[in-house]
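Right, one structure below, let's go through it.
The values are calculated or read from the model by the stated rules, or taken from the named source; none is laboratory data. From a predicted model like this one, the values you see are computed outputs, not experimental measurements. Heads up, the Cβs are rebuilt from the backbone with ideal geometry, glycines too, and the neighbour counts pull from every protein chain shown. Please note that ligands, DNA and RNA were not included when accessible areas were found on the heavy atoms of the full protein model with its side chains. Shrake-Rupley method; radii C 1.70, N 1.55, O 1.52, S 1.80 Å.
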Amino acid sequence: MVKRVKTAVFPVAGLGTRFLPATKAMPKEMLTVVDRPLIQYAVDEAKEAGITHFVFVTGRNKGVIEDHFDRQFELETTLETRGKLKALEELRQDLPSAGRTSFTRQQEPLGLGHAVWCARDIVGDEPFALLLPDMLFKGRRGVLKQMIEAYETTGGNVIAVEEVPHQEVSSYGVVGRGAGTDGGFAITEMVEKPKPQDAPSNLIISGRYILQPEIFSLLADQPRGAGGEIQLTDAMQTLMKSQPFAGVKYDGQSFDCGSKVGFLAANVAYALDRDDIAEDFLAALSKLGLIDGMKVAAE
Ligand code: UTP
């Protein structure tokens, strides 16, 4: 029987340089898609998958993330006094239970691999989920939930993958596909930013992982890789020599909200999906002469 995944790690210590100046004093993970911060979507996805312990690897200027997952008594009292009970209820629902969050600091943004390593003592000797909050997934079922379902059969390590046009693979980590179905197949290799002609497939690693704790000791010894950063993919390539990795080609649509275009597209897609604003939003778009294109997106 596989060990249950109860803990999720959210690395939120990056500098978000692609979003300056918005991210000079505000964390990228607090950028909002419609009216929810990116980090809230990631926590919701983890909750849906059955995660009960939420670990945030933060850095300077990220204190507001901690505040976001705290009670705000003045606000709550005001909402109550004004009879805005639905908003109050929703705020409370967004909170993880008391004592179920942990925060640690990555004192220097030395890369994703280093951020994950910073969570080692909190995670301990357990498998854990890793969610990059700037990757947002929209679909009927959360991506992590789909991965946990696969993990219950495969065990080991699991990576969410998605298909991209073959000529675009050189911007991503790419996996080789072995036996199995879209819902869980063996990963045969992992290549970071390959030339299209050298890529083992067009399936890219896309921001959700289930990892075994042995990754931590590999990260501890991991020399700096591309961009002078400690790269998670480098450590996963080493771990692959001793443990199985499965891929899950998830059902859903992804938005890379770390990029401006991905973030704007996510806002449009989520706004068009919201009963309370979709109609007014379409009307606003129609004033911009964009309605035909948007109608297609909404279908
Ligand atoms: P990104 O690769 O998007 O890097 O990180 P970034 O620094 O946030 O953004 P840009 O590229 O400069 O615009 C993916 C996730 O990993 C976290 C980020 O906070 C983000 O959630 N991260 C990245 C860390 O926690 N520490 C790091 O050293 C790097």
Cβ-Cβ below 6 Å, separation at least six or inter-chain, first residue in segment 1-20 and more than 22 Å from Met147 (Cα to Cα) and of a type in the set (Phe, Trp, Tyr), second open to solvent by 20 Å² or more (accessible area, probe 1.4 Å) and near the ligand (Cβ under 7 Å from one of its atoms): which pairs?
Phe19/Lys28
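So that you can scan it fast, the table gives a plain yes or no per residue for (1) part of a helix (DSSP H, G or I); (2) touching a strand residue (DSSP E or B) at 6+ places or on another chain (Cβ under 6 Å); (3) within 27 Å of Leu232 (Cα to Cα):
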| residue | (1), (2), (3) |
| --- | --- |
| Phe10 | no, yes, yes |
| Gly14 | no, no, yes |
| Ala22 | no, no, yes |
| Gln40 | yes, no, yes |
| Ala46 | yes, yes, yes |
| Val55 | no, yes, yes |
| Arg60 | no, no, yes |
| Glu66 | yes, yes, yes |
| Gly83 | no, no, no |
Please find, within segment 27-47, the residue that is surrounded by the fewest Cβ atoms within 10 Å (Cβ to Cβ) out of those that are charged (D, E, K, R) and within 15 Å of the ligand (Cβ to nearest atom).
Glu45
Identify the residue in segment 1-26 that is more than 16 Å from the ligand (Cβ to nearest atom) and open to solvent by 100 Å² or more (accessible area, probe 1.4 Å) and, among all such residues, is modelled with the lowest pLDDT.
Met1
If I filter segment 172-203 down to residues being out of contact with any helix residue (DSSP H, G or I) (no Cβ under 8 Å at 6 or more places or on another chain) and without any contact (Cβ under 8 Å) to a residue 24 or more places away in the chain, which single residue comes out as most open to solvent (accessible area, probe 1.4 Å)?
Gln197
Residues that are in contact with a strand residue (DSSP E or B) (Cβ under 6 Å, 6 or more places away or on another chain), open to solvent by 30 Å² or more (accessible area, probe 1.4 Å) and under 22 Å from Val123 (Cβ atoms): does segment 267-276 have at least one?
no
Residue match in segment 152-169 (condition: assigned to a helix (DSSP H, G or I), small (Gly, Ala, Ser) and touching a residue at least 24 places away in the same chain (Cβ under 8 Å))
no
Leu95 surrounded by 23 or more Cβ atoms within 10 Å (Cβ to Cβ) and in contact with a Phe, Trp or Tyr (Cβ under 9 Å, 6 or more places away or on another chain)
no
Spot the failing condition for Gly50; the list is (1) open to solvent by less than 10 Å² (accessible area, probe 1.4 Å); (2) under 25 Å from Gly252 (Cβ atoms), and only one is missed.
(1)
Looking at segment 185-299, what helices (runs of 4 or more DSSP H) fall wholly within it and have at least 3 residues that are hydrophobic (A, V, I, L, M, F, W, C) and modelled with pLDDT under 95?
278-287, 291-298
Return the total of residues in segment 99-139 being surrounded by fewer than 16 Cβ atoms within 10 Å (Cβ to Cβ) and either in a strand (DSSP E or B) or within 8 Å of the ligand (Cβ to nearest atom) (or both).
2
From the option list Arg71, Arg105, Arg92, single residue qualifying as among the charged types (D, E, K, R), in contact (Cβ under 8 Å) with a residue 24 or more places away in the chain and more than 30 Å from Met236 (Cβ to Cβ) is Arg71
